Amino acid sequence: MIVCLLFGQIDGLILLGLFMPRPLGLILLLAKPQMGAAIAVFWLVEAWRAGRWKQVATTIAPVAVLFLISLALYGLWPLQLDMKDMFVATFNTSLWPGSLMIGLPLLVHALRHRKESFALMAAPFFSPYVTPQSWSVALVGLMPYELEMVAASLRSE
């Protein structure tokens, strides 16, 4: 996380969002959707299980309102995103699209067994652009599994 702070990355907000009430935490998770989308899907499925449409609407309402405000202020900005340079960026450590074969089973396991940590681990595998410091979100998902956490944290020079 120190590297994230030094480079001005917002990955720490994803982790902060995990400790907030879900409607507010979802705002922080989606501040960097490539890292927060898998956990957002997990939360929405859990909301569905808890209270069907009413609970889903309550969970997603703050994000929906902010998104609509952004469209009112900036127009259809999502259609103007230019993502072609993202695939050749120097700091891109993504394994995408091959990583989908890892991310999808992790997310399915999270949903079936109701384990939020597996949704965190799945996050980087759904993104076509992942910086080295963004993998810290997945490592937090490994925290309940000590040996695996140590193994994933090892670095070769």
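The values are calculated or read from the model by the stated rules, or taken from the named source; none is laboratory data. In this text the structure is predicted, and so the values were computed from the model without any measurement. Quick reminder, even Gly has a Cβ in these numbers, built from the backbone with ideal geometry, and neighbours come from all protein chains shown. SASA here: full protein model, heavy atoms, side chains in, ligands and nucleic acids out. Shrake-Rupley method; radii C 1.70, N 1.55, O 1.52, S 1.80 Å.
Normalised per residue, the accessible area of the chain is 63 Å², obtained with a 1.4 Å probe and no contribution from ligands, DNA or RNA.
Multiplying the residue separation of Ser153 and Val45 by 0.36 nm and subtracting their alpha-carbon distance yields 35.9 nm. Entry note, the chain: relative contact order of 23 percent, from Cα contacts under 8 Å with a spacing of 6+ residues. Report in % the part of the accessible area of the chain that belongs to carbon and sulfur, leaving out ligands and nucleic acids; probe 1.4 Å. That fraction is 71 percent.
State the label only: which of [x] 18.4, 71; [y] 16.2, 51; [z] 19.2, 56 corresponds to Rg and Dmax of the Cα atoms in Å computed from the shown model? Given [x] 18.4, 71; [y] 16.2, 51; [z] 19.2, 56, the structure-derived one carries the label [y].
Per-peptide packing, taken as the mean over residues of other Cβ atoms within 10 Å, places 123-136, 59-72, 102-115 in the sequence 123-136, 102-115, 59-72 from highest down. Summarising the label geometry, the points placed 7 Å from Cα in the beta-carbon direction at Tyr74 and Phe19 lie 2.8 nm from one another.
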